[in-house]
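Here's the structure we're looking at; comments come further down.
Derivation of every value follows stated rules applied to the coordinates shown; laboratory data play no part. Here the structure is a predicted model, which means the values were calculated and not measured. For neighbour counting, all protein chains shown are included, and Cβ atoms are generated from backbone atoms with ideal geometry for every residue, glycine included.
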There are 2 protein chains.
Amino acid sequence: MIFPKTSLNLSGERFGVRYRIVAGDENEARARAHGICLEQTVEVPDELLADDDIRAEVVGRIEDLRAVSAGRFEVEISYAVETSAFELTQLLNVVFGNTAMQPGIRVLHLDLPDGLLRRFPGPRFGQDGIRDLLDVHDRSLLCTALKPVGLSASDLADLAYQIALGGIDIIKEDHGFNDQPFAPFRERVERCAEAIARANRQSGYRCLYAPHVTAPADQVSKRAHEAKSLGASALMIAPGLAGWDAVRMLAADDDLALPILSHPAWLGTFVLDPDQGVSHEVIFGQLPRLAGADATIFVNYGGRFTFSQDDCAGIVAGAARPMGDYPTIFPIPSGGMDLSRLPEMYEFYGRDGVFLIAGGLYAHGPDLLQSSREFRRAVEKLSHQ
Amino acid sequence: MIFPKTSLNLSGERFGVRYRIVAGDENEARARAHGICLEQTVEVPDELLADDDIRAEVVGRIEDLRAVSAGRFEVEISYAVETSAFELTQLLNVVFGNTAMQPGIRVLHLDLPDGLLRRFPGPRFGQDGIRDLLDVHDRSLLCTALKPVGLSASDLADLAYQIALGGIDIIKEDHGFNDQPFAPFRERVERCAEAIARANRQSGYRCLYAPHVTAPADQVSKRAHEAKSLGASALMIAPGLAGWDAVRMLAADDDLALPILSHPAWLGTFVLDPDQGVSHEVIFGQLPRLAGADATIFVNYGGRFTFSQDDCAGIVAGAARPMGDYPTIFPIPSGGMDLSRLPEMYEFYGRDGVFLIAGGLYAHGPDLLQSSREFRRAVEKLSHQ
């Protein structure tokens, strides 16, 4: 059968997705690209469609296709903005829903028009907003993580106090912290927030505290509000676990209005195989920013993970390239860093990086307060040399 | 520094994760496995831990490690159930949170003790419950999808009417259907539910209708309830987009109490590279079931995707192997199937498969009602031969 002929009254506005496709030659690449155009929209063979607006407007459109290296082609496909239903979950669905099951196709870049970007709140703070909260405008920022899972709330609060007093700008929780019996969420957040506030009063610093609020679907918002009411000054959430739109929900919440750190847990598989999945730029740059995160945590090159310098440069690009009127967000490289890496990190990320050293800070010496002060002095020195 | 020595009062109950690790020799495999034990829990180097319960109980424990082929090792690692906080998001976090960023490590299988499984609702219906709703106990089930995106609600309702009258058991919506202007959610669900109910009254069948309720994080539950109030008799959701716990939330909702179909959108990347990510069995079998889905949609071998027979057998195993007192759920192979594939599908999946033919049903002939009847007769014949 042929589907009923349909007239639509679409805006004509389209968004673009750049894919890299593995194919033997340009004909095969074009056939695979055409397959994406159908798969991501109507999901029926071409010949079942009437000669109508569905075929002309709803089906994805190949805007550009070119060979980039042996057996690799880049194709730009555009989709009517209306297919996204102006919802983040559905936008991602159009970008890569079923095509994620096809080998040899990678999402490289999203090109979203201003009209579509305005349907989402975007980052509330971004780099400038976080700098304003900290009142730090002239140097790279410092971040560390509360560790380890298993410690009591009061032991964690003791660590948080020393770190904050030592001059670290942002204390995030390990992403393994949730509502475990070792250190239940409410008690932990209350004690740590109190300890950091006490340190801030003594030091004059404005250390931010970001509890981890990834939670069951019906409790994310509640836990974020609890965190705020208990004294949290930022939030951390893992979109790979909670879903991307949970980040958007928190970012859109005017009663929260706290900076959001996006954590990479459960997202790694998307980037590891360069011929499949989704690029570092999109997963750790564009998507967190689109979802409204103000900073994106990822693993730095040369640590205990295997991201390359190019991968990390892609993430910085996704965090910083023009994207409607969304602010630039902070890249937070981490994962096996220590103080000896700071000069190199500074050279690569510059003043607009947040350097997350966690295990390496605890391991740096016997006195956490002194180690934190040393971390702070090192970053100040690099930023002002 | 060394972290404070900690006494915990853990239950001793542990859950297991089987990983496959790429390594040159057993020593390297053991080192990588030990890395997982730390990364997925305390996320600090061993030497910073006191000789305490955190080291003995919280850090993952290598229970078994053996070579399975050249350069490939399987390791069973156990974790204290308390690390999961008895929340699905955090359980997944412990299974693969940061390790997903390490190349050459794949999650093969989850081994969850009854005590942990009982913390989640599990599938409310499973295979038996869906068969009871349909009053069909002696044959494989039939499923198709409403298509394509772009059609109006009333055109879709016309298609749904013919399909239901033709004897298809389950009509799901394409996962591209959301709340687009072409066919807004409320209007679409109301019209399609009405059309299917009308067909059921005429035919005496009990065709189920599963609208797609993947939605923004704060609207999933609302949309599911709307769907039910408008006449939906099942629900479809894509955990890759909405988050796994959104499925759990719907499954736990006694006021909904509808069968849930899990859709694979955005999950494909996890399975494509056999040395990384997560196995087919876990992603399309164990996780949907753990989250409470009653049926799991995936792409069949030999269609327009590239899953192998072994991959599909793994999914069936994940849907059917003993898992506490959770019921067996239905595998729903799909993705480029047509009626000519039915004998082979029947041979492979047997009576306890749900055969999803969508594009192939529309393409089968000019009359959708006749094509649906033919699909029904073919499955009845296979099941009773």
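Could you work out the Rg to Rh ratio of region B:126-384, with Rh taken as the Kirkwood radius (inverse of the mean 1/r over all Cα pairs)?
0.93
For chain A, take the longest principal axis of its alpha carbons; what is the angle in degrees between that and the long axis of helix A:309-320, to the nearest 10 within 0 to 90?
Once rounded, the angle reads 90 degrees.
Spelling out what I want: for every residue of region A:223-235, take phi, set θ = phi - 60°, compute 6.51 cos²θ - 1.76 cosθ + 1.60 (Karplus), and round to whole Hz; glycine and proline get x.
These are the phi-based 3J(HN,Hα) values: 5, 5, 5, 4, 4, 5, 5, 8, x, 5, 10, 7, 9 Hz.
Quick check: the angle from helix B:368-384's long axis to the longest principal axis of chain B, C-alpha only, nearest 10 degrees?
60 degrees
Net charge within 14 Å of B:Ser383 by Cβ-Cβ distance, Lys/Arg positive one each and Asp/Glu negative one each, not counting B:Ser383 itself?
+1
Collect residues whose amide H, placed 1.01 Å from N in the peptide plane, falls under 5 Å from the amide H of A:Leu8; neighbours closer than 5 in sequence don't count.
A:Asp53
Note down the relative contact order for region A:14-117 as a percent, whole number, built from C-alpha pairs under 8 angstrom at least six residues apart.
For region A:14-117, the relative contact order is 42 percent.
Could you pull the copy-to-copy label distances for B:Ser7, with points set 7 Å along Cα to Cβ, in nm to one decimal and sorted shortest first?
8.1
Once amide H atoms are placed 1.01 Å from N in the peptide plane, what residues at a sequence separation of 5 or more from A:Tyr209, or on another chain, have their amide H within under 5 Å of its amide H?
The list, which skips near neighbours in sequence, is A:Ile171, A:Ser233, A:Ala234.
Near the amide H of B:Ala295, under 5 Å away, which other amide H atoms are found, from residues 5 or more places off or on another chain, if H is placed in the peptide plane?
B:Ile260, B:Ser262, B:Phe330
Based on the Cα coordinates of region B:167-287, what is the per residue volume of their convex hull in Å³?
Once divided by residue count, the hull of region B:167-287 is 118 Å³.
Per residue of region B:241-247, what does 6.51 cos²θ - 1.76 cosθ + 1.60 with θ = phi - 60° give for ³J(HN,Hα)? Whole Hz please, x for Gly and Pro, Karplus curve as stated.
Working through the residues one at a time gives 9, 8, x, 4, 6, 5, 5 Hz.
Just the number: Rg to Rh for region B:1-65, Cα atoms, Kirkwood Rh, two decimals.
Working: Rg = 12.9 Å, Rh = 13.0 Å.
Looking at region B:1-65, the ratio lands at 1.00.
What net charge do the residues around B:Asp174 carry, taking every other residue with its C-beta under 12 Å from that of B:Asp174, with Lys and Arg at +1 and Asp and Glu at -1?
0
Viscosity 0.890 mPa s, temperature 25 °C: Stokes-Einstein D of the protein assembly as shown from its Kirkwood Cα radius, in µm² per second? Spell out each step's value before the answer.
On the way: Rh = 26.6 Å.
Answer from the Stokes-Einstein relation: 92 µm²/s.
Using θ = phi - 60° and the Karplus form 6.51 cos²θ - 1.76 cosθ + 1.60, what ³J(HN,Hα) does each residue of region B:346-359 get, whole Hz, x for Gly and Pro?
The phi angles translate into 5, 4, 7, 9, x, 5, 9, x, 10, 9, 9, 10, 10, x Hz.
First check a/c for region B:136-180, with a ≥ b ≥ c the square roots of the eigenvalues of its C-alpha gyration tensor; if it is under 1.5, answer rounded, and if not, answer prolate when a/b is larger than b/c or oblate otherwise.
Oblate, because a/c is 1.5 or more while a/b does not exceed b/c.
Which shape class applies to region A:14-117: rounded if a/c is under 1.5, otherwise prolate when a/b exceeds b/c and oblate if not, where a ≥ b ≥ c are the square roots of the Cα gyration tensor eigenvalues?
Verdict is oblate for region A:14-117.
Given the protein assembly as shown, what count of lysine pairs have C-alpha atoms under 15 Å apart, with each pair 8 or more places apart or on different chains?
6
Between region A:6-67 and region B:250-310, how many Å separate their Cα centres?
So the separation of the two Cα centres works out to 26 Å.
Just to confirm the numbers: B:Gly350, label point 7 angstrom along the Cα-Cβ line, distances to the other copies in nm, shortest first?
6.3
Which residue of chain B is nearest the rotation axis onto chain A, counting by its Cβ, and what is the distance in whole Å?
B:Gly243, 1
Quick one: what do you get for region B:214-267 if you divide its Cα Rg by 2.2 N^0.38 Å?
1.02
Two-decimal Rg/Rh of region A:328-372 from alpha-carbon positions, Kirkwood Rh?
That ratio equals 1.00.
So what is the 222 nm mean residue ellipticity for chain A from helices alone, if each DSSP H run of at least 4 adds -39500 (n - 2.57) and you divide by all residues, rounding to the nearest 500 deg cm²/dmol?
Numbers: 15 runs with 141 residues, N = 385.
Taken over chain A, the calculation gives -10500 deg cm²/dmol.
Please provide three numbers in whole Å: the alpha-carbon extents of region B:261-385 along the principal axes, with the largest listed first.
Projected onto the principal axes, the Cα atoms of region B:261-385 cover 43, 31, 22 Å.
Under a Cβ-Cβ cut-off of 10 Å, what is the net charge of the residues other than A:Leu256 that fall near it, where Lys and Arg count +1 and Asp and Glu count -1?
-1
Placing a label point 7 Å from Cα toward Cβ, how far apart in nm is B:Arg30 from its equivalents in the other copies, listed shortest first to one decimal?
5.8
Note down the relative contact order for region A:149-213 as a percent, whole number, built from C-alpha pairs under 8 angstrom at least six residues apart.
Over region A:149-213, the number comes to 49 percent.
Classify region B:115-219 as rounded, prolate or oblate, taking a ≥ b ≥ c as the square roots of the eigenvalues of its Cα gyration tensor: rounded when a/c is under 1.5, otherwise prolate if a/b is larger than b/c and oblate if not.
Details: a/c = 2.48, a/b = 1.16, b/c = 2.14.
Since a/c reaches 1.5 but b/c is at least a/b, the shape of region B:115-219 is classed as oblate.
Against the longest principal axis of chain B, how steep is helix B:153-165, in degrees 0 to 90 to the nearest 10, with axes from Cα atoms?
Helix B:153-165 sits at roughly 90 degrees to that axis.
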